[in-house]
Each structure stands twice: as C-alpha cells, then as structure tokens.
Amino acid sequence: MVANLGQPEKARIAESAPVVTVVDLGAFELEFQVAETYARDIKSGMAAEITLDGRIQPGTVTAISPEVRQSLVTGRVRFKDQLPGLRQNQRASVRIMLDEREHVLKFERGPQIDEGTTQVYVIRGDHAVRTAVQLGAASVSEIEILHGLTEGDRVIVSDTRDFNCEPDMLISN
C-alpha cells in the first residue's frame with residue numbers, strides 16, 4: 001500500500017529522490033522512545049505489552065537504537081499478531097518487561113526515593129518515624145522493599161514539609 005507521496009504530481013524530481021513510501025500493512029511495528037537510563041536494559045526479543053484503543057496486545061522488541069538524542073533512545077516493537085484496522089502514525093503505548101518479580105512488598109515511589117535510599121519516614125500514629133530500610137528494584141512508579149518495612153506500613157513518599165511536621169514531631173529510631 002502507498003502510505004505517503006514524497007513528491008506532488010507532475011513535479012520535477014532529482015535523481016534518487018523518494019517518490020512514494022510503500023508500507024506492508026501485515027507487518028506494522030511501533031516506534032517508541034525511552035529514557036537513556038532504561039535503554040541499556042532493553043534488548044531485541046524482550047516481551048512487550050502494547051496498549052492500543054484501551055486493549056492490551058502482546059508484542060516483542062525488534063530493535064533498540066545505539067544512538068541517544070536529547071536523552072532518549074528509539075526502539076521498535078512488533079505485534080505478536082497483527083490487528084486489523086491499524087493505521088500509520090496511530091498512537092499507542094508500550095510497556096517493556098525489564099524484570100518480573102512475584103510476591104514482593106512494594107510501595108509508591110516518590111521523587112526523592114530510589115534504590116540507594118536507606119531511610120524513609122513511616123506514619124506511626126500521629127508521628128512520622130524515620131525507619132532504616134533496604135530497597136530493591138525500582139520501576140518508574142514503584143519500588144521493592146527488601147528489609148525494614150512490613151505490609152500495611154504507610155510511607156511518606158513526598159517531601160515531609162507537606163505534612164507540616166514540627167521537628168520535635170519527627171521521631172528517629
């Protein structure tokens with residue numbers, strides 16, 4: 001199928017200039033961009049989830065560029081099974097499974113919390129108690145708890161100033 005006309009009709013064109021773009025509608029791939037910090041972990045053949053029109057479809061990473069532009073790396077994902085009605089330049093989102101872990105404790109990741117965080121504030125009654133922790137793998141939105149917290153603990157994931165805590169209300173253990 002012809003997707004784009006590279007030149008208007010009856011125009012004079014230079015030798016080897018593109019005239020039309022032909023696409024194979026049976027082999028659509030999605031192009032995605034990811035922050036360079038995550039790109040080093042993405043490899044061809046990794047599983048991906050493609051969300052299109054509110055439906056999740058399985059896919060596979062087919063390529064990841066070695067080039068970094070504006071702190072982003074471009075990659076490609078192919079649908080496991082081609083869907084009818086796909087269109088060129090249609091919007092979709094891609095989730096690539098870098099790692100999967102079952103039966104782990106985790107909590108929402110705040111802007112100041114990463115794998116190197118060694119202490120967090122936990123709500124204990126009316127107080128915020130600084131608690132030693134060991135954190136594990138982190139995703140964009142969540143972080144794994146290895147030691148120091150138990151299920152049901154409420155962790156402050158934003159700046160503690162949001163809680164109007166007086167210094168004497170912050171109890172260290």
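Listed values, structure above:
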read-out: Condition met for ILE143 (crowded, with 16+ Cβ neighbours inside 10 Å, among the hydrophobic types (A, V, I, L, M, F, W, C) and not in a strand (DSSP E or B)); value: no
read-out: Qualifying residue in the stretch 80-91 (condition: aliphatic (A, V, I, L, M), in a strand (DSSP E or B) and open to solvent by less than 50 Å² (accessible area, probe 1.4 Å)); value: no
read-out: Tally, over the stretch 45-61, of residues that are assigned to a strand (DSSP E or B) and more than 15 Å from MET97 (Cβ to Cβ); value: 2
read-out: Some residue of the stretch 131-140 being among the polar types (S, T, N, Q), within 21 Å of the chain's Cα centre (by Cα) and outside any strand (DSSP E or B); value: yes
read-out: Members of the stretch 58-71 found to be touching a Phe, Trp or Tyr at 6+ places or on another chain (Cβ under 9 Å) and over 13 Å from GLU29 (Cβ atoms), listed by number; value: PRO58
read-out: Qualifying residue in the stretch 136-148 (condition: farther than 22 Å from LEU98 by Cβ, at pLDDT 90 or above and not acidic (Asp, Glu)); value: yes
read-out: Where LEU105 falls short, out of the listed (1) at pLDDT 90 or above; (2) open to solvent by 70 Å² or more (accessible area, probe 1.4 Å); (3) within 30 Å of SER44 (Cα to Cα); value: (2)
read-out: Selection count, the stretch 48-71, where residues are under 16 Å from SER93 (Cβ atoms), loosely packed, with under 15 Cβ neighbours inside 10 Å and not polar (S, T, N, Q); value: 6
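The values are calculated or read from the model by the stated rules, or taken from the named source; none is laboratory data. All figures in this text were calculated on a predicted structure; none of them were measured in a lab. So basically every Cβ, Gly included, is an ideal-geometry build from the backbone, and we count neighbours across all protein chains shown. Keep in mind that these areas ignore ligands, DNA and RNA; they rest on the heavy atoms of the full protein, side chains included. Shrake-Rupley method; radii C 1.70, N 1.55, O 1.52, S 1.80 Å.
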